[in-house]
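The values are calculated or read from the model by the stated rules, or taken from the named source; none is laboratory data. Predicted model only: the values in this text are computed from it and were never measured. Every residue, glycine as well, gets a Cβ built from its backbone with ideal geometry; the counts of neighbours run over all protein chains shown.
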Amino acid sequence: MKYLLKSWRWLTSMRTALALLFLLAAAAIPGSLLPQRQLNETNVREFIAANGRVAEIYDRLQLFDVFSSWWFQAIFMLLTISLIGCIIPRSLDHYRQWRAQPTRAPKFLNKLPHHASASTDRPVEQMQLSARELLSKWRVAEYSGDKDRVGAWSLSAERGYARELANLIFHIGLVAILAFTALSKFLSYEGMVIVVTQSGSYDQAVEVDQSTEFCNTSTSNYDSFRAGAFFDGTGLNPFCFIAHDFTAEYLPSGQAEMFSSRLSYAEGADITTDPSEWKTYDLKVNSPLRLSTDRVYLQGHGYAPTITVEWPNGETRTQTWQFQPTEQITFLSSGAMRFDPPAGMYPDLYERRQHQIALQGLFAPTAAWTGEEGKLLSSSFPAMLDPALAIDIYRGDAGLDTGTAQSIFALDNSLIHSGQLQKIERVNLEQGESITLDDGTKVTFNGASEFANYQISHNPMQLPMLLSALSMLLALVASLVIKRRRVWVRLSPAGTGTLVEMGGLSRTDAAGWGPEFDSLYRQLMELPPAEEVEEDALWVDD
């Protein structure tokens, strides 16, 4: 029991709280330096693949999941408990001090850092009225001769109690931010949606004839969705937006200069109105669309090639599908497409399944041909100036009828290894070029458009966290501005006049207290201000 009490006192000390606060800040550093699974799992996989053994050690230490790791949550919880343990006793102590009267004047006022005394012809009763009026805005307590330490009438005054209150509000605001941050993990949700949209950058981009609208009315509308434990998938804030285009601007070096996407949007009951009446917004990387408790961010982008497959009977199928950027500088991208033959071409479902077409390969927005024969495709610039494809074409069972989930960026290798998919051609295609397969099927590369990756985030704790942060800021300013001061005035009869003795004590910052104390004494004694006299006749013991 003894050790438990000692541990509790250690945990709830302000020194421990400060140490835990700095430790929490240090623990968050890997979360900003290393890719995090919660933000982009693809980047984490690429980092692990590129860094081998070191990355595996990082993964075991949960450095790719910093903010959900057990050690970060342990520090977070200990800091919260420590702050609460500091705040409660300090709040009770402050309440007791606030309720109590200012303490009696010390017996020897001349031993205080600031002291002055003099005699005046005015009677004691008049000086008492002057002292009460002078310190009327202070918390005061009068003590008669039988209660004073030297048997004279005295007045105790104190101000600056709001400093400790501001200090407590600052720490309560910090605890509130920690609590709201933890609560937001349970109540918030985050989803990603990829929209292939019109290109606002390149004239050669193909027109997109598929829907570019997204509605936040069901979790099934997301490409990926992650929610807190208390969110059951219902109660989404209904809103819709239409992505009209995506525009990217690059410097000659290939560095991105600006990304933007023109949106029209509606919220609540307005989503059923004519889209032409919706509001418009120019979405940029650091300028999200704010909708009550939801935010729409422009998270990323890439290219979506358009391929048309024409079967021997003249029927066609056209797909525009996003490819995954594998090089973030030049936007060389990889991806796959799957095409099902038209109904009626084959006598039964089995034969039709054996003639599915699957494509897999690379897309370069600005083609650069390398290799001994100049047939290896790479990209030299991220903008789409000279698009090209390098693809393998397969025929067979592409897994479209299995009902199992497949990667949208790659074919199922098990189907290739088992022979269910047979590679029949490897070809390089520039925009507008095509190839005819051995059975007369024609594959054409029409070009490409752009896709944008939109992140929708919902956090109902944003306003409470903002208010907590503002209260912390205001409380911090108040705690720095407000000064704790104590003043005692003791009046003793001296013939027909009064002996006035005054002492002052600074509870916090002593800077500036000397002139302030001097001003109070001069007002009490009805002396001119110090700046109006050449030589101060006061006797002040500092």
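Which ones in the range 115-137 are within 19 Å of W513 (Cα to Cα) and either out of contact with any strand residue (DSSP E or B) (no Cβ under 6 Å at 6 or more places or on another chain) or modelled with pLDDT under 90 (or both)?
Within the range 115-137, L134, S136, K137 qualify.
Hand me the list of strands (runs of 3 or more DSSP E) wholly inside the range 268-334 holding 1 or more residues that are without any contact (Cβ under 8 Å) to a residue 24 or more places away in the chain.
Of the strands (runs of 3 or more DSSP E) lying wholly inside the range 268-334, those with at least 1 residues that are without any contact (Cβ under 8 Å) to a residue 24 or more places away in the chain span 279-284, 289-291, 316-320.
Test F363 against the criterion of being part of a loop (DSSP other than H, G, I, E, B), touching a Phe, Trp or Tyr at 6+ places or on another chain (Cβ under 7 Å) and not β-branched (V, I, T), and give yes or no.
Against the criterion (part of a loop (DSSP other than H, G, I, E, B), touching a Phe, Trp or Tyr at 6+ places or on another chain (Cβ under 7 Å) and not β-branched (V, I, T)), F363 does not qualify.
Restricting to the range 106-160, name every residue that is hydroxyl-bearing (S, T, Y) and within 50 Å of the chain's Cα centre (by Cα).
Hits for the range 106-160 are S136, S156.
Of the residues F381, F409, which is farther than 30 Å from Y346 by Cβ and either in contact with a Cys (Cβ under 6 Å, 6 or more places away or on another chain) or assigned to a loop (DSSP other than H, G, I, E, B) (or both)?
F381
Among the residues of the range 207-236, how many are at pLDDT 90 or above and in a loop (DSSP other than H, G, I, E, B)?
4
Output the residues belonging to the range 307-317 that are closer than 16 Å to A448 by Cβ and either within 41 Å of the chain's Cα centre (by Cα) or among the acidic types (D, E) (or both).
Correct list: I307 only.
Mind checking which residues of the range 194-227 are in contact (Cβ under 8 Å) with a residue 40 or more places away in the chain and in contact with a helix residue (DSSP H, G or I) (Cβ under 7 Å, 6 or more places away or on another chain)?
F214, C215
Just checking, which of S188, S211, S224, S184 is more than 21 Å from the chain's Cα centre (by Cα) and of a type outside the set (D, E, K, R)?
Being more than 21 Å from the chain's Cα centre (by Cα) and of a type outside the set (D, E, K, R) holds for just one of S188, S211, S224, S184, which is S211.
Every residue, every condition in (1) over 30 Å from Y250 (Cα atoms); (2) touching a residue at least 60 places away in the same chain (Cβ under 8 Å); (3) in contact with a helix residue (DSSP H, G or I) (Cβ under 9 Å, 6 or more places away or on another chain); (4) among the hydrophobic types (A, V, I, L, M, F, W, C), yes or no:
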{"residue": "R352", "(1), (2), (3), (4)": "yes, no, no, no"}
{"residue": "A358", "(1), (2), (3), (4)": "yes, yes, yes, yes"}
{"residue": "S378", "(1), (2), (3), (4)": "no, no, no, no"}
{"residue": "F381", "(1), (2), (3), (4)": "no, yes, no, yes"}
{"residue": "D386", "(1), (2), (3), (4)": "no, no, no, no"}
{"residue": "D397", "(1), (2), (3), (4)": "yes, no, yes, no"}
{"residue": "D401", "(1), (2), (3), (4)": "yes, no, yes, no"}
{"residue": "A410", "(1), (2), (3), (4)": "no, yes, no, yes"}
{"residue": "N413", "(1), (2), (3), (4)": "yes, no, no, no"}
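The conditions are (1) modelled with pLDDT of 95 or more; (2) within 36 Å of the chain's Cα centre (by Cα), and I408 fails exactly one of them. Which is it?
(1)
Specify the residue that is farthest from M502 (Cα to Cα); the eligible residues are those in the range 130-157 that are in a strand (DSSP E or B) and among the charged types (D, E, K, R).
It comes out as R139.
Go through the range 92-107 and report how many residues are outside any helix (DSSP H, G or I) and either touching a helix residue (DSSP H, G or I) at 6+ places or on another chain (Cβ under 7 Å) or surrounded by 12 or more Cβ atoms within 10 Å (Cβ to Cβ) (or both).
Residues in the range 92-107 being outside any helix (DSSP H, G or I) and either touching a helix residue (DSSP H, G or I) at 6+ places or on another chain (Cβ under 7 Å) or surrounded by 12 or more Cβ atoms within 10 Å (Cβ to Cβ) (or both): 6 in total.
Quick one: is M472 farther than 30 Å from N221 by Cβ and in a helix (DSSP H, G or I)?
Spelling it out, M472 is indeed farther than 30 Å from N221 by Cβ and in a helix (DSSP H, G or I).
With the requirement that a residue be surrounded by fewer than 18 Cβ atoms within 10 Å (Cβ to Cβ), part of a helix (DSSP H, G or I) and not charged (D, E, K, R), what does the range 59-75 give you?
Those that are surrounded by fewer than 18 Cβ atoms within 10 Å (Cβ to Cβ), part of a helix (DSSP H, G or I) and not charged (D, E, K, R): F67, S68, W70, W71, Q73, A74.
Would you call Y346 in contact with a helix residue (DSSP H, G or I) (Cβ under 6 Å, 6 or more places away or on another chain) and free of Cβ contacts under 8 Å to residues at least 12 places away in the same chain?
Taking the combined requirement at face value, the residue satisfies it.
Just to be sure, is V489 in a helix (DSSP H, G or I) and either of a type in the set (V, I, T) or under 27 Å from D148 (Cα atoms) (or both)?
no
If you take the residues of the range 97-119 that are aliphatic (A, V, I, L, M) and touching a residue at least 24 places away in the same chain (Cβ under 8 Å), which of them is nearest to K483 (Cα to Cα)?
So the residue we want is L112.
Being at pLDDT 90 or above, surrounded by 15 or more Cβ atoms within 10 Å (Cβ to Cβ) and either closer than 20 Å to T318 by Cα or assigned by TED's automatic domain parsing to the domain that holds D294 (or both) narrows it down to one of A448, A398, so name that one.
Exactly one residue qualifies, and that residue is A448.
Give me a count of the residues in the range 120-129 that are part of a strand (DSSP E or B) and either farther than 17 Å from Q523 by Cβ or without any contact (Cβ under 8 Å) to a residue 40 or more places away in the chain (or both).
0
Give the range 144-161 a look and list any residue that's in contact (Cβ under 8 Å) with a residue 12 or more places away in the chain and not hydrophobic (A, V, I, L, M, F, W, C), or say none.
K147, D148, R149, S154, S156, E158, R159, G160, Y161
Exactly one of (1) at pLDDT below 85; (2) among the polar types (S, T, N, Q); (3) more than 30 Å from H171 (Cβ to Cβ) is unmet by T508. Its number?
Of everything listed in (1) at pLDDT below 85; (2) among the polar types (S, T, N, Q); (3) more than 30 Å from H171 (Cβ to Cβ), T508 misses just condition (3).
If a residue must be touching a Pro at 6+ places or on another chain (Cβ under 9 Å) and surrounded by 18 or more Cβ atoms within 10 Å (Cβ to Cβ), how many such residues does the range 139-151 contain?
1
Restricting the range 454-471 to residues that are crowded, with 18+ Cβ neighbours inside 10 Å and over 14 Å from the mean Cα position of the chain (by Cα), which is farthest from F170 (Cα to Cα)?
The extreme case among them is Y454.
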